[in-house]
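The values are calculated or read from the model by the stated rules, or taken from the named source; none is laboratory data. Please read these numbers as outputs of a predicted model, since none were measured by experiment. All Cβ positions, glycine included, derive from the backbone under ideal geometry; neighbour counts span all protein chains shown.
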């Protein structure tokens with residue numbers, strides 16, 4: 001019974017492919033995988049916008065959407081219809097071709113990144129040997145899309161926003177990749193399926209062997225989430241869109257469905273980063289406790305995904321936006337050194353793998369934890385006690 | 001498979017031709033990025049996963065963005081509307097033929113061409129590449145690292161001086 005429920009998507013796909021004539025089956029299999037992915041992600045996107053608006057409403061002491069459907073659940077549908085029927089405005093001086101292509105260049109690489117994500121047991125569209133590299137490669141292609149949007153709009157705000165966004169994405173890609181590398185070092189593989197398999201088994205027969213339950217894993221997870229927040233241009237790192245300063249940055253000249261596509265791309269990018277964090281550190285689709293193995297694996301994955309989403313919404317509702325200099329200082333003076341130290345701790349963890357059997361497990365924990373906690377405290381203090389800046393001087397505005 | 005190759009080849013060729021024939025420099029840079037992406041697809045089709053992903057990561061994610069930034073940060077005079085095929089076209093043609101000849105002859109001279117094509121892709125090519133980088137090719141790797149570090153420090157020094165001058 002459990003086996004059947006767990007493998008339901010795979011058996012369903014095999015049955016559907018089996019219905020087709022022999023010649024079409026080789027083409028139908030990947031097409032079906034892609035269609036299922038896009039469909040599931042569209043539902044997830046709609047649900048996420050609703051959760052975000054409801055959650056932000058709760059944090060700001062108001063109701064949020066509650067008019068369309070029960071609890072406002074049909075609000076995403078209404079939003080989608082509104083976006084489709086809106087006029088598609090293109091500035092007269094805009095570069096029409098590039099302006100049209102930018103939203104597509106944003107969404108397509110993000111969708112591609114999901115191809116290597118293991119959503120459940122055996123539930124992965126393409127298990128590449130260098131899957132992690134594929135993921136980061138697909139993610140890096142969106143920088144060009146942001147530039148295309150900003151440049152083709154022929155608007156100084158959009159160009160400024162695009163430049164900010166690209167600078168931010170490039171800066172935060174370094175800690176993002178470095179913190180992901182720790183998990184690769186310990187499991188010795190770039191394949192996401194193997195990375196999940198490396199987290200199989202249970203500590204003491206009940207607690208899962210997730211990477212997040214080790215010093216380097218915890219630090220890596222937190223570093224990864226921070227860098228991913230900045231990479232996805234989300235609050236508190238949403239300077240590129242800064243509504244109050246540069247009126248939504250590279251999105252300023254987009255309306256209607258093109259704007260919705262950008263919105264979709266950003267949300268899917270956030271889900272993809274959360275999914276990768278789950279795969280690398282939170283055990284992927286594996287259950288947290290040995291007794292909970294009867295829940296289908298893909299449900300675990302999506303449960304964890306919604307947990308990450310709730311965290312991001314909480315952060316957005318709580319933290320104010322950072323300044324540009326704070327943003328860059330955080331990336332280069334705090335996250336990058338910590339990520340490098342974390343690599344060292346991960347190497348130490350690998351070398352001291354034999355200690356656990358001798359009974360030095362606790363010592364291993366303490367050494368690893370201290371190696372991370374002390375630099376954390378020192379770097380954090382240095383970050384906030386820098387030279388105080390006087391009142392801001394405006395060179396051109398006075 | 002054949003259809004996929006033809007689609008990728010056409011995309012790559014369109015990107016490459018656009019990169020030299022289009023008038024606006026930004027358009028040229030973007031079509032060059034398209035050519036990079038097409039090449040990555042061809043690598044992937046040939047079973048060279050690692051090379052393909054590295055191609056996207058480096059060329060699409062970094063080199064294309066670098067080119068675009070360089071175009072934007074140079075004075076607008078660089079964005080000319082001059083004829084794409086400039087006067088000394090014979091010179092350019094000569095250089096192109098010469099470069100092609102050198103590449104052609106060196107490809108033919110290398111042992112790779114005469115080796116029978118590998119029938120199966122190794123199970124873990126990323127691991128093999130990593131091992132080779134750390135053993136056989138460790139000297140070139142270190143030299144490259146040194147070069148890049150020197151360039152990085154040089155860039156920091158240049159940026160630093162400019163700031164001191166302006167304030």
From the list A:128, A:135, pick out the single residue that is at pLDDT below 85 and within 13 Å of chain B (Cβ to nearest Cβ).
A:128
Go through the stretch A:88-125 and count every residue that is in contact (Cβ under 8 Å) with a residue 24 or more places away in the chain, in a loop (DSSP other than H, G, I, E, B) and more than 10 Å from chain B (Cβ to nearest Cβ).
13
Of all residues in the stretch A:323-352, how many are under 29 Å from residue A:198 (Cβ atoms) and part of a helix (DSSP H, G or I)?
19
Go through the stretch A:244-295 and give me each residue that's more than 23 Å from the chain's Cα centre (by Cα), assigned to a loop (DSSP other than H, G, I, E, B) and on the phi < 0 side of the Ramachandran plot.
A:252, A:253, A:254, A:255, A:293, A:294, A:295
Counting only residues that are part of a loop (DSSP other than H, G, I, E, B) and surrounded by fewer than 19 Cβ atoms within 10 Å (Cβ to Cβ), the stretch A:201-233 contains a total of 5
If you scan the stretch B:13-27, which residues turn out to be more than 12 Å from chain A (Cβ to nearest Cβ) and closer than 15 Å to residue A:101 by Cβ?
B:14, B:15
Of these, A:154, A:164, which one is touching a residue at least 24 places away in the same chain (Cβ under 8 Å) and over 21 Å from the mean Cα position of the chain (by Cα)?
A:154
List pairs: first residue in the stretch B:44-72 and more than 9 Å from every other protein chain (Cβ to nearest Cβ), second residue surrounded by fewer than 18 Cβ atoms within 10 Å (Cβ to Cβ) anywhere in the structure, Cβ distance under 7 angstrom, at least six positions apart or on different chains.
B:45/B:4; B:45/B:5; B:47/B:121; B:71/B:25; B:71/B:78
Hey, among A:312, A:301, which residue is in contact with a strand residue (DSSP E or B) (Cβ under 8 Å, 6 or more places away or on another chain), assigned to a helix (DSSP H, G or I) and buried (at least 19 other Cβ atoms within 10 Å of the Cβ)?
A:301
Residues (crowded, with 24+ Cβ neighbours inside 10 Å and more than 10 Å from every other protein chain (Cβ to nearest Cβ)) located in the stretch A:151-161
A:153, A:158, A:161
Can you tell which of A:189, A:179 is touching a helix residue (DSSP H, G or I) at 6+ places or on another chain (Cβ under 7 Å), more than 16 Å from residue A:287 (Cβ to Cβ) and outside any helix (DSSP H, G or I)?
A:189
